[in-house]
1. Among all the lysines, which ones have a C-alpha under 28 Å from K8's C-alpha, if same-chain residues fewer than 8 places away are not counted?
2. Calculate what fraction, in whole %, of the accessible area of the range 48-169 sits on carbon and sulfur atoms when a 1.4 Å probe is rolled over the protein chains.
3. So if I take the centroid of the Cα atoms in the range 286-357 and the same for the range 2-56, what is the distance between those two points in Å?
4. Residues of the chain: accessible area per residue at 1.4 Å, in Å²?
5. So what J values fall out for the range 188-199 if you push phi through Karplus, 6.51 cos²θ - 1.76 cosθ + 1.60 with θ = phi - 60°, rounded to Hz, Gly and Pro as x?
6. D for the chain, whole µm²/s, Stokes-Einstein with Kirkwood Rh over alpha-carbon pairs at 25 °C and 0.890 mPa s: what number?
7. Suppose the chain between Y317 and D127 were pulled fully straight at 0.36 nm per residue; how much longer would it get relative to their current alpha carbon spacing?
8. Obtain the nm distance between the two label points defined at K49 and N241 by a simple spin-label model: each point lies 7 Å from its Cα along the Cα-to-C-beta direction.
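The values are calculated or read from the model by the stated rules, or taken from the named source; none is laboratory data. None of the values given here were measured: they were computed from a predicted structure. Reconstructed Cβ throughout: ideal geometry from the backbone, glycine too, with neighbour counts over all protein chains shown. In case anyone asks, the SASA skips ligands and DNA or RNA and just uses the protein heavy atoms, side chains included. Shrake-Rupley method; radii C 1.70, N 1.55, O 1.52, S 1.80 Å.
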Amino acid sequence: MLKAELIKRNLPALKTREEMMEILQREVYGYLPNVRYRVFADEPKTVEKRFACGNVIHSFVNLTVTLENGSHTFRVDRLLHNDGKKRPLILLNNFHPMGSTPYFPIEELSESEMDFLVFCYKDISSDDGDFSNGLARLLLPEGQKTNETCGKIGVWAWAAMRVLDYGLTLKGTDADNIGIAGHSRLGKTALYTAMMDERFRFVFSNAAGCAGDSLAHGNSGHGREKRTPELGELICDIVENFPYWFCKNYAKYAHANVSESFDQHFLLATIAPRCVLVGSCNLDFWADPCSQQLCALAAGEAWEAVGLPGLVGSRRYLNPGEALTDGNVGYFLIHSLHFLSRHGWKYFLEFIEKHKK
């Protein structure tokens, strides 16, 4: 059934990883600047030695990134085991600091076998068109100088890579099993980060939607005359409200609401042969869950081309509470509005355990 739906949507065929990366940088997210930098973390400051159930230490560091034209410092919270074992490390680029966010159930996650590094995206740079603050002023001192210069998603992604630089210095980090997670706009950012940095073996995008993990071709909002909450977000919507997330070139697709040469399955496919999990919420019409599942299915061809399973078992649209996690591409649907819940985290942790090296 769903294979037939993909054929009807007439998606552009996948290309080589290098070709898809080039297209997505040039046309959607922009190019990251090629800059020299140094990363320095101060001494960890302990918040609680036996956090929650006592399995982990909650602490934080102030991470300073120095470029040729200055430095920027931001806080990184840590939930780390201290038992000498190597463990998967998950980075969360989050909307809020760790102790005040609904998207990170810290008590439950502290009981897992994973370590976590969490930072707030607004500590990197503001979520607006101002490129003169935070890390953006150092990375892009001339702002979005060209139509291909990255936007704020690129800035947040570059910061996540620097957090990983730090994470790899920690004695307990299993460098073969690094994950990154993000919700909504930060799900888009997590996918872009994993595209640009192959050190991330796992990426979890939750409700990333338009310009993230949802197809533009044939989505539920395509061609509509009147906008309602029950229809999927279009490129014209996202570039009207958040043009600064992307490079300026992306706006040229607003009128057609689609590009004939690429779609978001390219983004997921650039992560092959690593692992990607897409999360949907059935009441999150704006993210268009059906187009999210189809995006994961279409991207799976990149894994199948190298003899690995893509999205396994996707013969129909899922019902809430169902998940497909046997392949290197995973997908689940929960009964929820636009939200990153403990249920989504549960699927991601199980996905890592199933596919880690």
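1. Counting by Cα, and skipping residues close in sequence, K8 has these lysines nearby: K188, K226, K252.
2. The computed percentage sits at 45.
3. After rounding, the separation between the Cα centres reads 17 Å.
4. Result: 41 Å² of accessible area for each residue.
5. Karplus values, whole Hz, x for Gly and Pro: 4, 5, 4, 5, 5, 4, 5, 4, 7, 9, 6, 5.
6. 121 µm²/s
7. Extra length available between Y317 and D127 comes to 65.0 nm.
8. Label-label distance for K49 and N241, simple model: 4.8 nm.
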